[in-house]
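Beneath this line is the structure, given in structure tokens, with notes to follow.
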Amino acid sequence: MVQSFSRITLPDLAVETESLVKVYRGRGGDKRALDGVSLAIPRGSFFGLLGPNGAGKSTLINILAGLAVKTSGRATIWGRDLGDDPRGAKAAIGVVPQELNLDPFFTPRELLDVQAGMYGVPRAERRTMEILDAVGLADKADSYARTLSGGMRRRLLVAKAMVHAPPVLVLDEPTAGVDIELRRQLWEYVRGLNARGTTILLTTHYLEEAEQLCDRIAIIDRGGLVACDTTVNLLKRIDGKSLTITVDRDLAEVPTALVPFAPELLSPRRLLVRYRPSAVPVGRILEAVASAGLGLADLSTEETDLEDIFLQLTASHQSAR
Ligand code: ADP
Ligand code: MG
């Protein structure tokens, strides 16, 4: 199934989905995990797919990987339609699944060899040691997978996804449970791949990670796309700040005068208010603090970050849960 990826006629979009729908049929009823998702992932991008638990991220990725079957809609990978050319599409993508499913009695070297065989990579073209080295597993090449730590298994899955040198690499929550040092190492490798042209599609729970790594971000919630933009635009787009107010005495609850600003009581003396400077002058919040008979002990404001945007965009859904 090995295919050469023409560098002459490159597609503009590495991945494209159009009105993608996935319904899981079950005894307890149907679950609409994807409700018409249309996404365009430009070639060469480092694309983040974010969303709360259960949003449909893994479902989308599993469909692209050929591990789940779409209910309706269209998806293409590297210009190859999943429906018309599933083998071509599959050859163009490498997937690091969310679950750490590895055969415990294989060594990394063997696992990569089996994977290369499955993708029809000729022996002479296999780069087993080079890949293991890149993910920091060269010295574990001949150890049983079951003896590897969680972080090593994760990196081994990344290596496995790369054996057929796919132009698109998909990582589903790859750093969950991976310690900081190894995470850094993993990102260095993935960034290098991206710099050399591999398109990366990443889902992560760490918004800071997405903010630092991804040039484009899509946010999905309950199977629907709620945002899709460059990271820069997304951060600019939402007019939001947060204000932390420390008052001079303990509060048992949010004072009535402050309720309209929906603050969060962080501790008995600290309130967090997320607000939109264009709609709510900060002075009005401070007036409310004074009218509640509170003195100010301290104040700090922060610009919005991806976390705030994420919370705002998914807030209505969260509260409905
Ligand atoms: P995420 O990866 O964003 O956490 P998933 O794609 O795993 O979300 O799940 C989306 C929704 O689909 C969830 O409500 C989940 O319970 C449901 N779901 C996922 N896989 C299955 C399945 N195999 N059968 C039935 N429901 C599923
Ligand atoms: Mg998932």
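The values are calculated or read from the model by the stated rules, or taken from the named source; none is laboratory data. Keep in mind the model is a prediction, meaning the values are calculated, not measured. Heads up, the Cβs are rebuilt from the backbone with ideal geometry, glycines too, and the neighbour counts pull from every protein chain shown. To get the accessible areas, we keep the full protein, side chains included, count just its heavy atoms, and leave off ligands, DNA and RNA. Shrake-Rupley method; radii C 1.70, N 1.55, O 1.52, S 1.80 Å.
Structure above, values below:
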quantity	calculated
Every residue from the stretch 199-231 that is assigned to a strand (DSSP E or B), open to solvent by 10 Å² or more (accessible area, probe 1.4 Å) and out of contact with any helix residue (DSSP H, G or I) (no Cβ under 6 Å at 6 or more places or on another chain)	Arg216, Gly224, Leu225, Cys228, Asp229, Thr230
Single condition Arg196 does not satisfy, out of (1) of a type in the set (Lys, Arg); (2) surrounded by fewer than 16 Cβ atoms within 10 Å (Cβ to Cβ); (3) under 24 Å from Asp215 (Cβ atoms); (4) touching a residue at least 24 places away in the same chain (Cβ under 8 Å)	(4)
Filtered residues of the stretch 157-174 (kept if in a loop (DSSP other than H, G, I, E, B) and at pLDDT 90 or above)	Met162, Val163, His164, Ala165, Pro166, Pro167
Test: Arg274 is of a type outside the set (A, V, I, L, M, F, W, C), assigned by TED's automatic domain parsing to the domain that holds Arg249 and at pLDDT 95 or above	no
When residues of the stretch 121-156 are limited to those that are open to solvent by less than 20 Å² (accessible area, probe 1.4 Å) and in contact with a Pro (Cβ under 7 Å, 6 or more places away or on another chain), the one modelled with the highest pLDDT	Ala141
Test for Leu49: is it in a strand (DSSP E or B), open to solvent by less than 30 Å² (accessible area, probe 1.4 Å) and at pLDDT 95 or above	yes
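Here is a yes/no grid of residues against (1) of a type in the set (Ser, Thr, Tyr); (2) buried (at least 18 other Cβ atoms within 10 Å of the Cβ):
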position: Asn62; (1), (2): no, yes
position: Ala65; (1), (2): no, yes
position: Ser72; (1), (2): yes, no
position: Asp81; (1), (2): no, no
position: Pro86; (1), (2): no, no
position: Ala92; (1), (2): no, yes
position: Asn101; (1), (2): no, no
position: Pro104; (1), (2): no, no
position: Glu110; (1), (2): no, no
